[in-house]
1. Among the residues of the stretch 194-226, write down those that are outside any loop (DSSP other than H, G, I, E, B) and surrounded by 18 or more Cβ atoms within 10 Å (Cβ to Cβ).
2. Show the residue pairs that are 6+ apart or on different chains and have beta-carbon atoms under 7 Å apart, the first residue being within the stretch 299-318 and touching a residue at least 60 places away in the same chain (Cβ under 8 Å), the second being part of a helix (DSSP H, G or I) and hydroxyl-bearing (Ser, Thr, Tyr).
3. Report the residue count in the stretch 129-140 for those that are within 16 Å of residue 308 (Cβ to Cβ) and open to solvent by 20 Å² or more (accessible area, probe 1.4 Å).
4. Out of 115, 177, 125, I need the residue that is within 28 Å of residue 103 (Cα to Cα), surrounded by 18 or more Cβ atoms within 10 Å (Cβ to Cβ) and touching a Pro at 6+ places or on another chain (Cβ under 8 Å). Which one?
5. Write out, first by first residue and then by second, each pair whose Cβ atoms fall under 7 Å of each other, whose residues are 6+ apart or on separate chains, and whose first residue, in the stretch 264-292, is assigned by TED's automatic domain parsing to the domain that holds residue 191 while the second is outside any helix (DSSP H, G or I) and among the charged types (D, E, K, R).
6. With the requirement that a residue be more than 30 Å from residue 47 (Cα to Cα) and either open to solvent by 30 Å² or more (accessible area, probe 1.4 Å) or aliphatic (A, V, I, L, M) (or both), what does the stretch 151-174 give you?
7. So residue 103 passes all but one of these: (1) of a type in the set (D, E, K, R); (2) within 16 Å of ligand 1 (Cβ to nearest atom); (3) open to solvent by 10 Å² or more (accessible area, probe 1.4 Å). Which condition number does it fail?
8. Condition (residue is within 21 Å of residue 138 (Cβ to Cβ), polar (S, T, N, Q) and not in a loop (DSSP other than H, G, I, E, B)) applied to the stretch 246-259: is it met by at least one residue?
Amino acid sequence: MSADIGADVILGIETSCDETAAAVVTGGVHVWSNVVSSQVEIHAKYGGVVPEVASRAHVETIIPVVDEALDRAGLEGRDIEAVAATHGPGLVGALLVGVSTAKAMALVWDVPFVAVNHLEAHLYAAFLEEPDLEMPLVVLLVSGGHTMLILMEDHLRYRVLGSTVDDAAGEAFDKVARLLDLGYPGGPEIDRLSVEGDPAAIAFPRAMVNDGWNFSFSGVKTAVVNHVRKFPETPAADVAASFQEAVADVLVTKARRAAREHGASGMCLSGGVAANSRLREKMAAACRDDGLRAFLPSQAMCTDNAAMVAAVGWWRLRADGPSSLAAGADPSLRLPGH
Ligand code: KG4
Ligand code: ZN
């Protein structure tokens, strides 16, 4: 191998769901390029991600996206010292495109391949914008597929305190948006509409808010369905704002309690739902009140990207060495320590 375990220039590849992404990151934190090609318009007409359509789109886009990431970084293939790709969790066909591409490139360039956990990558997104975030840190990982409350004790050391027992937070946003005829993806639409609504108009349930560390969002979704059926004249903006308030309230209340109980120095948001304006406001206010550091990543770092994959590649390469080229896609991969 031309590069040793100290490889510094990492090409990251992300294809776990509906974003085809590639990035070049050095030293685990310096982002030289971060290219994301979203399939959101392709899937919008189906009202959700269609796995087979996603795989095909990844196959068509991955090479141009990698080329662009190298171009924007001002590098060529031979400058890359390791290739990291998300190998799970996610859609199996979609994951395979990124994993196969990364392995082929690692073989051709004679550099290590690193198989990366997508959830771990979301945790590292924060460090790309704030490299000296202090730990222990409470991270709320909220996306279309996951809702997890995590205590990050040190680099590569986590404790999953709780997760959703039914719908993920983003899934609940998407389902409620569909019910209100707001289009796909629903989270940003609800966020936009809520600005015109009254968050106190309807007291939607806050399931399990003071009970343990897990979350449940299917009840609030059903409560929205029932409310809209019973009171069809309620302005959609009030329904959206009240729903959003209930979800943000539960998420922040639990994260805040976890930070207090575990002596965290700060709280951090991660995943697509972390873009939600009300959730960000409530998180910032809670941290201000409790004397904690709040870290709210930019929109680009909240959603799926390959810079966070390359960052984890850098850490994992040092901790565990290269992954085997026999490592395949693992659609139900869990976070280490879970
Ligand atoms: O992390 P992500 O890009 O993809 C995965 O699920 O892995 O998250 C997408 C989810 C979708 O459910 C989308 O509706 C939600 O994040 N989302 C939002 C907002 N922006 C994206 N939810 C609430 N408010 C937003 N502003
Ligand atoms: Zn994600």
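The values are calculated or read from the model by the stated rules, or taken from the named source; none is laboratory data. Everything quoted here is computed from the prediction, not taken from an experiment. Glycine also receives a Cβ, built like all others from the backbone with ideal geometry; neighbour counts cover every protein chain displayed. Surface areas here come from the heavy atoms of the whole protein model, side chains and all, with no ligands, DNA or RNA. Shrake-Rupley method; radii C 1.70, N 1.55, O 1.52, S 1.80 Å.
1. Just the residues of the stretch 194-226 that are outside any loop (DSSP other than H, G, I, E, B), to begin with: 194, 215, 218-226.
194, 215, 220, 221, 223, 224 - these are the residues of the stretch 194-226 that are outside any loop (DSSP other than H, G, I, E, B) and surrounded by 18 or more Cβ atoms within 10 Å (Cβ to Cβ).
2. 308/124; 311/124; 312/124
3. Of the residues in that region, 3 qualify.
4. Details: 115 fails: touching a Pro at 6+ places or on another chain (Cβ under 8 Å); 177 fails: within 28 Å of residue 103 (Cα to Cα).
Only one candidate qualifies: 125.
5. Qualifying pairs under 7 Å: 265/134; 265/293; 266/134; 266/293; 287/293.
6. Taking the stretch 151-174 and keeping what is more than 30 Å from residue 47 (Cα to Cα), we get 151-161.
Scanning the stretch 151-174 gives 151, 152, 153, 154, 155, 156, 157, 159, 160, 161.
7. Going through the list (1) of a type in the set (D, E, K, R); (2) within 16 Å of ligand 1 (Cβ to nearest atom); (3) open to solvent by 10 Å² or more (accessible area, probe 1.4 Å), residue 103 breaks only (2).
8. We begin by selecting, within the stretch 246-259, every residue within 21 Å of residue 138 (Cβ to Cβ); these are 246-259.
Filter once more, keeping what is polar (S, T, N, Q): 253.
Still in the running and not in a loop (DSSP other than H, G, I, E, B): 253.
Looking through the stretch 246-259, at least one residue is within 21 Å of residue 138 (Cβ to Cβ), polar (S, T, N, Q) and not in a loop (DSSP other than H, G, I, E, B).
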